[in-house]
1. Kindly indicate the residue of region 45-66 that is assigned to a helix (DSSP H, G or I) and in contact (Cβ under 8 Å) with a residue 40 or more places away in the chain and also surrounded by the most Cβ atoms within 10 Å (Cβ to Cβ) among those meeting that condition.
2. Out of ARG45, ARG3, ARG102, which single residue is of a type outside the set (A, V, I, L, M) and at pLDDT 90 or above?
3. State which residue pairs qualify: first residue at pLDDT below 95 and assigned to a strand (DSSP E or B) and inside region 67-83, second residue of a type in the set (A, V, I, L, M, F, W, C) and surrounded by 16 or more Cβ atoms within 10 Å (Cβ to Cβ) in any location, beta carbons under 9 Å apart, and separation of 6 or more residues or different chains.
4. Which residues, counting only those in region 83-96, are within 16 Å of ARG45 (Cβ to Cβ) and under 16 Å from the mean Cα position of the chain (by Cα)?
5. Go through region 25-42 and report how many residues are small (Gly, Ala, Ser) and part of a helix (DSSP H, G or I).
6. Collect the residues in region 49-66 that are modelled with pLDDT under 95 and more than 21 Å from GLU35 (Cβ to Cβ), keeping them in residue-number order.
7. Check GLY27 against each of (1) exposed (fewer than 11 other Cβ atoms within 10 Å of the Cβ); (2) on the phi > 0 side of the Ramachandran plot; (3) at pLDDT below 95 and name the one condition it does not meet.
Amino acid sequence: MPRSPSIVPQQADHDTYLVLNDFGRLGRAWCETDEEGTDRKTLIRRLLDDQYSHPVRIVAFNTAEGWSRDVTKDIADELRRRMVEYDEVPRSVQEFVEGTVRH
């Protein structure tokens, strides 16, 4: 039986961030991303560039350190602080930030 490729990042000694996106009638799915796009800085930039239609949860993990956790509120807090720097913030980000306040 052929082996599936490992989902563990090649350079496993860094934090990896993944986004769960709500696609409406199609359901929710973890968004596919290239390995270089899984760091926190790139995640924040992609959120602010409106690359996710409806992010609902963000998880981070580090296989070298052996941990994983839900960082949804942490990312929403960072986005909330950074929103003042932008003239326009994508609706998806506004809804994400507002949604985390309610939960």
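The values are calculated or read from the model by the stated rules, or taken from the named source; none is laboratory data. Computed from a predicted structure; not experimentally measured. Cβ: placed from backbone, ideal geometry, glycine included. Neighbour counts: every protein chain shown.
1. Filtering region 45-66 for residues that are assigned to a helix (DSSP H, G or I) and in contact (Cβ under 8 Å) with a residue 40 or more places away in the chain, the one surrounded by the most Cβ atoms within 10 Å (Cβ to Cβ) comes out as LEU47.
2. Values: ARG3 fails: at pLDDT 90 or above; ARG102 fails: at pLDDT 90 or above.
Matching residue, one of ARG45, ARG3, ARG102: ARG45.
3. none
4. Selection gives PRO90, SER92, VAL93, PHE96.
5. First pass over region 25-42, keeping only residues small (Gly, Ala, Ser): 27, 29, 37.
With part of a helix (DSSP H, G or I) added as a condition, the list becomes 37.
Here the count works out to 1.
6. The answer is ASP50, SER53.
7. (3)
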